[in-house]
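The values are calculated or read from the model by the stated rules, or taken from the named source; none is laboratory data. Here the structure is a predicted model, which means the values were calculated and not measured. Glycine gets a Cβ as well: all are built from the backbone with ideal geometry, and neighbour counts include every protein chain shown.
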Amino acid sequence: MKPVLVVDRTLQRRIVAAGVVSLVAWPLLQTVSPRRSIPWSEEMREAAQRMHQAITTVAAFCETEGIRIDESLDPNHTGLIGPEYTPLFTTLGRLEGKRTTTNPDMAGLMVHMLRRAGVSAGDTIAVGASASFPGLMIATLSAAEVMGVHPVTILSLGASSYGATRPELNLLHIHELLLNEGVLSTAPAAVSLGGEGDVGADFDPAFREDLLQQIRVKQVPLVHDPDLRENVARRMAIYLGGAEGRRVVAFVNIGGSDANLGSSPLVLNLEPGLNTDLALPPPGERGALFAMAARGIPVIHLLHIRGLASRYGLPWDPVPLAQPGTARLRDDAAPHTGRFWLITAVYFSSLGLIAVVGRRRREVRAIAH
């Protein structure tokens, strides 16, 4: 004998009704959800202008030194988009994301995020910058200096594809160029090779030695320890000022350096942009980012560029670049309005009513039978 399928028509109607209510509520909530525009302050515009000046300086240097800019990769002629594969290559990167970060308005957005993190003039921030996103390094330092903030920056020279991958124009070269030209005024606190183990273990040995010689000549302190805990301890000592100590108000992570991110899968839970109150992995899995978060220091995470652009309204892969200070930035972290909470309350009340009515009808039918 075949089993008989009993259909609960009341349950079906409840499911359909709940679905209809959800379909109505969702677009309404999207409409009234706060996507508050970020007004351009004079400080934000100045930071964007400074980043524009930095890009112009790098592009002019490339032309003077005969460093080819591949316009199929870098149509905006920024000089900040390198080849896909070079001896500095570490991992694959997305070209459109790299180009998005060369927008000078990124520096204006950095001012906004630093302000949201509680950073004020005279404060100190820590910056961990991989060479995967030279535009983000420039944006962060431009914002910090315009704000009167002191950045303690550790550079990592390994780069994902289309970052600062040129051996003749690596991240340390770019930083030094901008210092020499007066666009930036704060020297890096230290540098690492980046790559595997943060010591360039995946680089060609001869090339790795050449990088180490460059660092020695420039007399920049070197972080060179393949052990994650020791590496992070060394970085934290630099950021926090060693024995004399300094108060760090925010940490900016640029790129995907293992020394900054650590080895825990919890890093996948990070939001692009500003993060606070992070869940912490065990100490042995923490990079500098989580070591800062463990001290209650806000983290600005700059890695997933598509998500960052979507969250803050930054134009995706713009060609050509617009004039600095013209992007229509928005902040999705704005407080919810009264209309949002009203629609939310009506939505959940409707679901509750559907459940109650359905249950009462079933009770009535049970009594009737």
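Here the condition is being assigned by TED's automatic domain parsing to the domain that holds Leu321, touching a residue at least 12 places away in the same chain (Cβ under 8 Å) and in a strand (DSSP E or B); of Thr186, Thr153, Thr140, Thr165, it holds for Thr153 alone. For Asp70, the requirement of being surrounded by 17 or more Cβ atoms within 10 Å (Cβ to Cβ), more than 14 Å from the chain's Cα centre (by Cα) and in the same structural domain as Pro318 (by TED's automatic domain parsing) is not met. With respect to Glu168, is the statement that it is of a type outside the set (A, V, I, L, M), within 20 Å of Val58 (Cα to Cα) and surrounded by fewer than 16 Cβ atoms within 10 Å (Cβ to Cβ) true? Here the answer is yes, as Glu168 does meet what is asked. Here Ser264, Ser257 are screened, and the one residue that is closer than 12 Å to Asp198 by Cβ and either in the same structural domain as Leu193 (by TED's automatic domain parsing) or among the β-branched types (Val, Ile, Thr) (or both) is Ser257.
Close contacts from segment 101-118, counting a first residue that is assigned to a loop (DSSP other than H, G, I, E, B) and a second that is of a type in the set (D, E, K, R), with Cβ to Cβ under 9 Å and a gap of 6+ residues or different chains, come to Thr102/Asp74; Pro104/Arg50.
A residue that is within 21 Å of Leu157 (Cβ to Cβ), in contact with an Asp or Glu (Cβ under 7 Å, 6 or more places away or on another chain) and hydrophobic (A, V, I, L, M, F, W, C) can be found somewhere in segment 251-272. Checked against (1) within 28 Å of Asp198 (Cα to Cα); (2) touching a Phe, Trp or Tyr at 6+ places or on another chain (Cβ under 8 Å), Leu109 passes all but condition (1). Against the conditions (1) more than 20 Å from Leu261 (Cβ to Cβ); (2) at pLDDT below 95; (3) surrounded by 12 or more Cβ atoms within 10 Å (Cβ to Cβ), Asp202 satisfies every one except (1).
The set of residues in segment 98-149 that are among the polar types (S, T, N, Q), surrounded by 24 or more Cβ atoms within 10 Å (Cβ to Cβ) and farther than 21 Å from Ser310 by Cα comprises Ser130, Ser142.
Yes/no per residue for (1) assigned to a loop (DSSP other than H, G, I, E, B); (2) outside the structural domain of Leu169 (by TED's automatic domain parsing); (3) not aliphatic (A, V, I, L, M):
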| residue | (1), (2), (3) |
| --- | --- |
| Asp202 | yes, no, yes |
| Ile215 | no, no, no |
| His224 | yes, no, yes |
| Gly245 | yes, no, yes |
| Leu274 | no, no, no |
| Leu289 | no, no, no |
| Ile297 | yes, no, no |
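If you check Arg208, Arg229, Arg216, Arg247 for being surrounded by 16 or more Cβ atoms within 10 Å (Cβ to Cβ) and either within 30 Å of Arg311 (Cα to Cα) or touching a strand residue (DSSP E or B) at 6+ places or on another chain (Cβ under 9 Å) (or both), only one passes: Arg208.
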